[in-house]
Amino acid sequence: MLKKTMLNKKAVAFVLTSSNKTGNENFQNSITEKFKEYEIYLVTSQELETLLQRLDLEKYNTVIVQPITIIEGIEYNKIKETALIYQGQFNYFRIGKPLLDNEDDILRLVEVLKDTYLNKKPDQGVIWVGHGSRKSSGETFKLLSKVYDNLLEREILITLNDLEYLNVFMDKINSWKVKELIIAPFFIMLGNHYKKEVISDDVTSLRTFLLSKGFMVNISYQPLISQSGIIDMYKEKIQQEE
């Protein structure tokens, strides 16, 4: 990494909620290229405090903490709580907003993702599955689901909370008259929630449920963080904080 002068040392800490940082090379390289005047760190939420202590000891002047979360939910607030401990240690300190902070972000995200399955066959549909939230931030997912419904053909967005009520969505899915369903992750990273509750062979998983309804099921392993448009949105979050 390029060395910064003692007078104006800058850093951006991108904070993942997953403990697995593998497969994020494209994200880190793209961010590093965009913000050459900053040291770029990709850390987990468990590593954040250690990093901030180090940046303080190394006399950094400017520090931006950017949580890699979709909404301002529990994980975002945990990162924020840790970061705020060090707020007074730097001349300039900011905590970036989540990916979806307002309605414009939602529309932008759908614009980014709408072509992912543009070439799906007439007998294919797509079920995007995200984490969601039972708290007020869950309203973001409700609005996002409505936008998906209105703008994307034979695609819906549900959350883990919805897995208890899958029959509610079957009228919609059956109206597509498709034979095959693609399960797509609406997760920043492919963590245990997606692997166990959504695509596993467990009797309670979404995949098992859809197979029991007679559908062929295709699994996508492409997390949101792998999409260049999502990376661009995070770049803009940092620029908004400068």
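The values are calculated or read from the model by the stated rules, or taken from the named source; none is laboratory data. Here the structure is a predicted model, which means the values were calculated and not measured. Here the Cβ is made from the backbone with ideal geometry for all residues, glycine too, and neighbour counts use every protein chain on show.
Considering 157, 144, which residue is crowded, with 16+ Cβ neighbours inside 10 Å, at pLDDT 85 or above, in a helix (DSSP H, G or I) and in the same structural domain as residue 193 (by TED's automatic domain parsing)?
Exactly one of 157, 144 is crowded, with 16+ Cβ neighbours inside 10 Å, at pLDDT 85 or above, in a helix (DSSP H, G or I) and in the same structural domain as residue 193 (by TED's automatic domain parsing), namely 144.
Mind checking which pairs have a first residue in segment 47-70 that is in contact (Cβ under 8 Å) with a residue 60 or more places away in the chain and a second that is part of a helix (DSSP H, G or I) and aromatic (Phe, Trp, Tyr), Cβ under 9 Å, 6 or more apart or different chains?
Final answer for the pair search is 66/234; 68/27; 68/234; 69/76; 70/76; 70/141.
Quick grid of which residues meet (1) closer than 29 Å to residue 192 by Cβ; (2) in contact with a Cys (Cβ under 7 Å, 6 or more places away or on another chain); (3) not in a loop (DSSP other than H, G, I, E, B):
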| residue | (1), (2), (3) |
| --- | --- |
| 29 | yes, no, yes |
| 41 | yes, no, yes |
| 59 | no, no, no |
| 66 | yes, no, yes |
| 88 | no, no, yes |
| 94 | no, no, yes |
| 108 | yes, no, yes |
| 112 | yes, no, yes |
| 126 | yes, no, yes |
